[in-house]
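None of the figures in this text is laboratory data; all of them are computed from the coordinates on show. The model shown is predicted, which means the values in this text are computed figures rather than measured ones. Using ideal geometry, Cβ is built from the backbone for each residue, glycine included, and neighbour counts are taken over all protein chains shown.
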Amino acid sequence: MRQRKTYTEHNAELIARYPEGRTPGGVLVDDIVQLRLQNTFDMHLDIARAMATVMRADMAAYDADSSKFTQSLGCWSGFHAQQMVKSVKRLRGTAKGTYVYLSGWMVAGLRNRFGHLPDQSMHEKTAVVDLIEEIYVSLRQADEVAMNDLFKDLRAARKAGDKAAEAKAIAAIDSFETHVVPIIADIDAGFGNEHATYLLAKEMIKAGACCLQIENQVSDAKQCGHQDGKVTVPREDFIEKLRACRLAFEELGVEDGVIVARTDSLGAGLTQKVPVSKHSGDLAAGYIKWLKTEPITTKNPIREGELALYRDGEFVKPVRLPNGLFPFKENTGHQRVVEDCIASLVEGGADLLWIETDTPNVDEIAGMVSEIRRVVPDAKLTYNNSPSFNWTLNLRKQVRTQWLAEARIGLDDYPDGAALMSAEFDDTDLGREADARLQRFQADIAARAGVFHNLITLPTFHLTAKSVDELSRGYFGPERMKAYVTTVQREEIRRGVSAVKHQHEVGSDLGDTFKEMVAGERALKAGGHGNTMNQFSAE
């Protein structure tokens, strides 16, 4: 990341050019300093380069201490991302270790011209690029608004002649931490062949993405990782797409660019293509060996146009479905995942892995990672803490199963199946234990399963639905205006959510400052006595 100049350095540089403290046109040096410091990045490609370095440093910190895992929430607008980062900064005082996840699912479902669509790569490629651009515009604007507030403090201190307050304001300006954080951007299965993958990767990187996540499904048959009917590609095909992403990073000078190789093989039972295997130990052979086959006999002969494989000293036929797809043997997903991951790291140069699972089970994830690490000791994961999981039911089932095995409870103490979801179990020993495991889930998989990054793919989708439902039920029901005040505004004020001053949040004060820079006393400002945002000035 580039080294930001301090206030004093910028000021000294400009005073050397303009000793009178202003340009020939009357622009104040201090105003130029403010605008330079507000502009935290010159272009979004600079963001990709800087944030890649941040991610690499975070990965090294995690390798030294697994408690230093990172987190993100999936955001489908720049405003969601901005408010997430602001919230983290209020909570922790820093946004370090916080990323934004850009979900292809949410782009398909919420951000494309064709309407609300499932996660099947039916949305426009450019919609993903546009969202990356939008997120970084929003995060950079948050920088501008915050920096403007700091310069208002500086001007107030100078006007009052308070040298201590002036020094404090300058120190706050120099120690300012940007709202810009890394984005892990979902490129789906590449939206086409390896060249199409490369072209889209370049556009995503130029928009600011320092990390690309790509999956091993067939691009034109892509399904959401939590849907049925997933079809994977041979490992050679996937490795070529990983290389395409790497070439895009290198061409654009993002030397620390991060690639997340996702495998859907745990839940994918089909392949579209049987690769050619020239050598017994090559990648194709490793992929083909898991195909479901049937013997060639007089009753089941090889027919014209059918495919035969030579396996264990005899020819067999791979099973082929009416749609032309080839199924894998049942219960081979675990082994295929391990081999996928090793190939992606060793042959494809991936930096992080993503194993899409059907339930949130620490032991299952840790078991696969243990096998991968026998070959690649520092293998690290990004893990999807997916809203597709019924977390309450899954964790309660896991506790019940364990306690039954340990004879801590009997079969009749707690029900099996969906009945465990009942609120009556919230305040029971089992309910409390499941919640405790839920609370430490991310720390557990970071420590035991090599998970460097924990994300939730679709939280803002579900949060928006829930929040709008909550407000609507009250507002259009008996509570009317009270519903808005109690569920929204009062909570914003008491939590210190800056968006309660919505005019300020979108840059009204920032605009006033600029008007003053160019018009002085003639500036027609929005933030005067009549601005209703002044009602929130005392909270």
Lys/Arg +1, Asp/Glu -1 at C-beta; segment 287-403 dipole; positive extreme among Val346, Trp391, Ala379: Trp391
Taking the Cα centre of each part, how many Å lie between segment 182-208 and segment 80-102? 24 Å
Taking 0.36 nm per intervening residue step and subtracting the Cα-Cα distance, what contour gain separates Arg373 from Thr6 on full extension? 127.7 nm
Taking R0 as 56 Å, what FRET efficiency do you get between Leu411 and Thr126 from their Cβ-Cβ distance, rounded to the nearest 0.05? 0.50
Using only DSSP helix segments of four residues or longer, with each worth -39500 (n - 2.57), what per-residue ellipticity at 222 nm results for the chain after dividing by its residue count and rounding to 500? -14500 deg cm²/dmol
Give me D for segment 1-76 in µm² s⁻¹, whole number, from Stokes-Einstein with Rh from the Kirkwood sum over alpha-carbon pairs, 10 °C and 1.306 mPa s. 102 µm²/s
By how many degrees, 0 to 90 and rounded to 10, does the Cα axis of helix 235-251 deviate from the longest principal axis of the chain? 20 degrees
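If each residue's Cβ is checked for other Cβ atoms within 10 Å, how do Lys86, Lys329, Lys466 rank with the fewest at the top?
Numbers: Lys86 21, Lys329 15, Lys466 10.
Least crowded to most crowded, the residues run Lys466, Lys329, Lys86.
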How compact and how long is segment 118-203, expressed as Rg and Dmax of its alpha-carbon atoms in Å? 21.0, 65
Kindly provide log₁₀ I(q)/I(0) values, in the same order as q = 0.21, 0.29 Å⁻¹, from the Debye equation applied to equal alpha-carbon scatterers of segment 435-498. -0.89, -1.10
Given that compact globular proteins tend to follow 2.2 N^0.38 Å, what is the ratio of the alpha-carbon Rg of segment 385-454 to that value? 1.17
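Calculate, for Met481 and Arg440, the FRET efficiency according to 1/(1 + (r/R0)^6) with r their C-beta to C-beta distance and R0 41 Å; round to the nearest 0.05. It would help to have the intermediate numbers written out before the result.
Details: r = 41 Å, r/R0 = 1.00.
Once rounded, the FRET efficiency stands at 0.50.
What is the fewest-to-most order of Arg448, Arg262, Arg235, Arg473 by other Cβ atoms lying within 10 Å of their Cβ?
Values: Arg448 16, Arg262 27, Arg235 24, Arg473 13.
Arranged by neighbour count, lowest to highest, Arg448, Arg262, Arg235, Arg473 become Arg473, Arg448, Arg235, Arg262.
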5 Å is the cut-off here: which amide hydrogens, built 1.01 Å from N in the peptide plane, fall below it relative to Ile183, excluding neighbours closer than 5 in sequence? Val100, Cys210, Cys211
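Report the extension gain between Leu524 and Glu236 in nm, rounded to one decimal, defined as 0.36 nm multiplied by the number of residues separating them, less their alpha carbon distance.
97.4 nm
Rg/Rh for segment 16-119: what does it come to with C-alpha atoms and Rh from Kirkwood?
Details: Rg = 19.9 Å, Rh = 17.4 Å.
Across segment 16-119, the Cα-based Rg/Rh ratio is 1.14.
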Segment 413-452-segment 263-309 distance, computed between alpha-carbon centres (Å): 40 Å
Of segment 82-120, those with amide N under 15 Å from the point 7 Å along the Cα→Cβ vector of Asp63 are none
Hypothetical label at Asp282: residues of segment 305-333 whose amide nitrogen lies under 16 Å (7 Å Cα-Cβ projection): 310
In whole Hz and in residue order, list the ³J(HN,Hα) couplings for segment 78-88 that follow from phi through the Karplus curve 6.51 cos²θ - 1.76 cosθ + 1.60, θ = phi - 60°; x for Gly and Pro. x, 5, 4, 4, 4, 5, 4, 5, 4, 4, 5
Computed magnitude of the charge dipole of segment 7-458 (debye, nearest 20; Cβ of K, R +1, Cβ of D, E -1): 220 debye
Give the angle, between 0 and 90 degrees and rounded to the nearest 10, that separates the Cα long axis of helix 429-439 from the longest principal axis of the Cα atoms of the chain. 70 degrees
In vacuo Debye scattering of segment 284-381, one point per C-alpha: log10 I(q)/I(0) at q = 0.16, 0.17 Å⁻¹? -0.79, -0.85
Using alpha-carbon pairs under 8 Å, 6+ residues apart, how would you state the relative contact order of the chain in percent? 15 percent
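Return the percentage of antiparallel bridges among DSSP beta bridges fully within the chain, rounded to the nearest 5 %.
On the way: 11 of 41 bridges.
Of those bridges, close to 25 percent are antiparallel.
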Based only on other Cβ atoms within 10 Å, what is the fewest-to-most ordering of Asp412, Asp469, Asp188? Asp412, Asp469, Asp188
I need the Kirkwood Rh of the chain: take the reciprocal of the average 1/r across all distinct C-alpha pairs and report it in angstrom. 26.5 Å
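Based on the Cβ-Cβ distance from Asp149 to Leu252, what FRET efficiency comes out when R0 is 30 Å, to the nearest 0.05? Don't skip to the answer; put the middle values down first.
On the way: r = 34 Å, r/R0 = 1.13.
About 0.30, to the nearest 0.05.
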If the cut-off is a Cα-Cα distance under 25 Å, which lysines reach Lys202, setting aside same-chain residues fewer than 8 apart in sequence? Lys125, Lys222, Lys241, Lys380
